[in-house]
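Heads up, the thing below is written out as structure tokens.
The values are calculated or read from the model by the stated rules, or taken from the named source; none is laboratory data. Computed from a predicted structure; not experimentally measured. In this analysis, Cβ positions are derived from the backbone assuming ideal geometry, glycine residues included, and neighbour counts consider all displayed protein chains. Just so you know, the surface numbers come from the protein's heavy atoms only, side chains and all, with ligands and any DNA or RNA stripped out. Shrake-Rupley method; radii C 1.70, N 1.55, O 1.52, S 1.80 Å.
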Amino acid sequence: MTLDPTKLIDGIRRRDPRAIARAISLVEDCHPAAEPLLAALDDAPPQGVITVGITGPGGAGKSTLTQRLIGHYRSEERRVGVVAIDPSSPISGGALLGDRVRMMHHALDPQVVIRSMATRGRIGGLCAAAGAAVRIMAASGCNPVIVETVGVGQAEIDVARLADLTLLVLAPGLGDDIQAMKAGLVELADILVVNKSDRADAEALAMEMEPVARERERRLCRTCAADGRGVPELARTIEETHCAGPEGGLQARRDRCRQAEVLDWAVELLRPRLRETLQTMGAAKGDPRVVARLLLETVGCQNLKASLPKETQ
Amino acid sequence: MSQQPHGRVLIGKPGLDGHDRGAKFIARALRDAGFEVIYTGIRRTAEEIAAAAVQEDVDAVGLSLLSGAHNELFPAVLDALGQAGAKDIPVIGGGVIPEEDVPALKEKGVRAVFTPGTPLQDILDAFHRAVDEHRSHRS
């Protein structure tokens with residue numbers, strides 16, 4: 001498989017699954033060919049692509065709901081992209097990416113592009129890789145692109161910021177409604193979804209979340225992803241919420257997302273140099289923040305000095 | 001990058017066999033050995049496995065089969081990968097497979113076949129080798 005960016009871009013636009021997959025891998029692996037590839041894609045970005053974030057605690061039914069949404073969009077003849085993100089093991093660096101197993105219904109549909117992605121312990125760079133994957137899928141004609149994450153960590157929350165609008169999926173019996181509120185996920189979400197609405201305790205959860213939703217002027221939907229109930233209504237709510245925001249508002253949000261992505265890339269690109277330089281500095285004695293400032297100066301970030309917080313004497 | 005995995009591997013069970021404990025065990029072991037494992041579950045067709053392998057840009061495919069249909073299904077997955085333009089992705093098989101069937105499977109292109117009782121490290125080593133080889137060819 002070629003690594004020539006021009007050929008890959010051509011493949012992406014032709015919707016060749018291998019080209020799309022290779023391009024995403026190049027970005028994830030920080031391969032040198034990734035930059036010209038992304039730059040060329042950015043030259044002619046597709047318009048009007050909507051990115052939907054789906055987040056929430058594990059077990060809420062996100063992947064099952066995603067599969068239903070894919071089915072709905074496919075019934076409207078739309079090409080759908082999905083980036084499904086799962087955490088990497090901090091011990092081994094590996095990951096069990098198990099979201100796709102719930103979406104295998106669409107495995108043979110060439111108009112559905114699914115990529116499983118691990119967080120890889122990135123503090124910021126997850127946004128960068130996921131953002132690039134979204135753009136690659138969009139360049140191949142996907143609209144919408146769904147980004148699915150487990151909403152428990154900062155990295156995952158940052159990924160939700162990549163999206164034009166975010167669904168927070170909750171389910172009864174997980175005890176996670178409070179956790180979700182603590183994690184700030186409710187603030188992040190544009191639409192609250194109470195899934196597993198076939199369960200007896202689902203209505204109690206919905207009633208609990210309704211005032212929360214109302215306070216923040218968010219819509220609340222009830223779904224049962226297992227049998228598909230509530231999914232067309234959810235899709236309609238997504239459309240209405242997306243259109244209801246002022247055009248200026250959406251652009252401002254996208255600009256903020258773009259900025260977040262740029263910052264993430266900057267940190268990821270800087271990290272290896274910092275690590276190398278730190279190793280040449282030998283055993284770092286003294287306060288870590290003081291050493292960090294010295295490290296930045298050594299790497300050549302003098303102009304950052306003024307904006308760093310001053311250490312206390 | 002903060003933490004690079006060794007590579008990406010897809011684990012799946014083709015055909016009608018629903019006994020997934022072995023596949024899940026291997027999936028977890030591969031994860032603990034530093035691989036990103038895309039687990040595609042039970043009752044997959046060869047075409048579904050190949051399509052997923054291509055979309056996920058994996059470095060190897062691991063097939064688990066306890067139903068005895070390996071002589072049909074393992075080559076079917078190889079064919080499907082070929083049809084999808086991905087015959088470079090190595091396939092490793094495991095499960096309830098009689099020793100006498102192994103040479104023919106290897107001749108058809110299965111990289112390695114593991115029968116019950118194989119030490120886990122042997123299986124992991126085979127994946128490491130297959131993945132490293134695949135990754136070195138595509139750089």
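So which residues in region B:66-104 are of a type in the set (S, T, N, Q) and in a helix (DSSP H, G or I), if there are any at all?
Residues satisfying the conditions are B:Asn71, B:Gln83.
Quick one: count up the residues across region B:1-26 that are in a loop (DSSP other than H, G, I, E, B) and either more than 15 Å from the chain's Cα centre (by Cα) or over 17 Å from B:Val58 (Cβ atoms) (or both).
12
Could you check region B:83-139 and list, in sequence order, the residues that are within 14 Å of B:Asp57 (Cα to Cα) and of a type in the set (A, V, I, L, M, F, W, C)?
B:Ala84, B:Ala86, B:Ile89, B:Val91, B:Val131, listed by residue number.
Confirm whether B:Ala52 is of a type in the set (A, V, I, L, M), modelled with pLDDT of 95 or more, within 24 Å of A:Ala95 (Cβ to Cβ) and out of contact with any strand residue (DSSP E or B) (no Cβ under 8 Å at 6 or more places or on another chain).
no
Is at least one residue of region B:53-64 free of Cβ contacts under 8 Å to residues at least 60 places away in the same chain and more than 21 Å from B:Arg129 (Cβ to Cβ)?
To start, the set of residues in region B:53-64 that are free of Cβ contacts under 8 Å to residues at least 60 places away in the same chain comprises B:53-58, B:61, B:63-64.
Now narrow it down to the ones that are more than 21 Å from B:Arg129 (Cβ to Cβ): B:54-55.
Checking region B:53-64: at least one residue is free of Cβ contacts under 8 Å to residues at least 60 places away in the same chain and more than 21 Å from B:Arg129 (Cβ to Cβ).
Tally the residues that are facing another protein chain (nearest Cβ under 7 Å), touching a Lys or Arg at 6+ places or on another chain (Cβ under 7 Å) and hydrophobic (A, V, I, L, M, F, W, C), restricting the search to region B:1-34.
Residues in region B:1-34 being facing another protein chain (nearest Cβ under 7 Å), touching a Lys or Arg at 6+ places or on another chain (Cβ under 7 Å) and hydrophobic (A, V, I, L, M, F, W, C): 1 in total.
Across region A:69-88, what is the number of residues that are open to solvent by 20 Å² or more (accessible area, probe 1.4 Å) and under 18 Å from A:Ala163 (Cβ atoms)?
2
Kindly establish whether B:Leu63 is open to solvent by less than 30 Å² (accessible area, probe 1.4 Å) and assigned to a strand (DSSP E or B).
Considered against the rule, which asks whether it is open to solvent by less than 30 Å² (accessible area, probe 1.4 Å) and assigned to a strand (DSSP E or B), B:Leu63 comes out as yes.
Please work out if A:Leu220 is of a type outside the set (S, T, N, Q), under 24 Å from A:Ser75 (Cα atoms), open to solvent by less than 40 Å² (accessible area, probe 1.4 Å) and in contact with a Cys (Cβ under 8 Å, 6 or more places away or on another chain).
no
Going residue by residue through region B:79-94, is there one that turns out to be over 30 Å from A:Ile85 (Cβ atoms) and loosely packed, with under 14 Cβ neighbours inside 10 Å?
no
Scan region A:23-37 residue by residue and report those that are out of contact with any helix residue (DSSP H, G or I) (no Cβ under 6 Å at 6 or more places or on another chain) and open to solvent by 10 Å² or more (accessible area, probe 1.4 Å).
Result: A:Asp29, A:Cys30, A:His31, A:Pro32, A:Glu35.
Any residue in region A:222-231 that is without any contact (Cβ under 8 Å) to a residue 40 or more places away in the chain and within 22 Å of the chain's Cα centre (by Cα)?
Checked region A:222-231: no residue is without any contact (Cβ under 8 Å) to a residue 40 or more places away in the chain and within 22 Å of the chain's Cα centre (by Cα).
Could you list all residues from region B:104-133 that are open to solvent by less than 30 Å² (accessible area, probe 1.4 Å) and modelled with pLDDT under 95?
Hit for region B:104-133 is B:Thr115, nothing else.
Here's the yes/no breakdown for (1) at pLDDT 75 or above; (2) in a helix (DSSP H, G or I); (3) crowded, with 18+ Cβ neighbours inside 10 Å:
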residue	(1), (2), (3)
A:Val159	no, yes, yes
A:Gly173	yes, no, no
A:Met181	no, yes, no
A:Arg199	yes, no, no
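Are any of the residues in region A:89-103 polar (S, T, N, Q), at pLDDT below 90 and open to solvent by 20 Å² or more (accessible area, probe 1.4 Å)?
Yes, there is a match, as at least one residue in region A:89-103 is polar (S, T, N, Q), at pLDDT below 90 and open to solvent by 20 Å² or more (accessible area, probe 1.4 Å).
Checking the structure you have, find out if any residue of region B:27-37 is part of a strand (DSSP E or B), under 27 Å from A:His31 (Cβ atoms), open to solvent by less than 40 Å² (accessible area, probe 1.4 Å) and modelled with pLDDT of 95 or more.
So far as region B:27-37 goes, yes, one or more of its residues are part of a strand (DSSP E or B), under 27 Å from A:His31 (Cβ atoms), open to solvent by less than 40 Å² (accessible area, probe 1.4 Å) and modelled with pLDDT of 95 or more.
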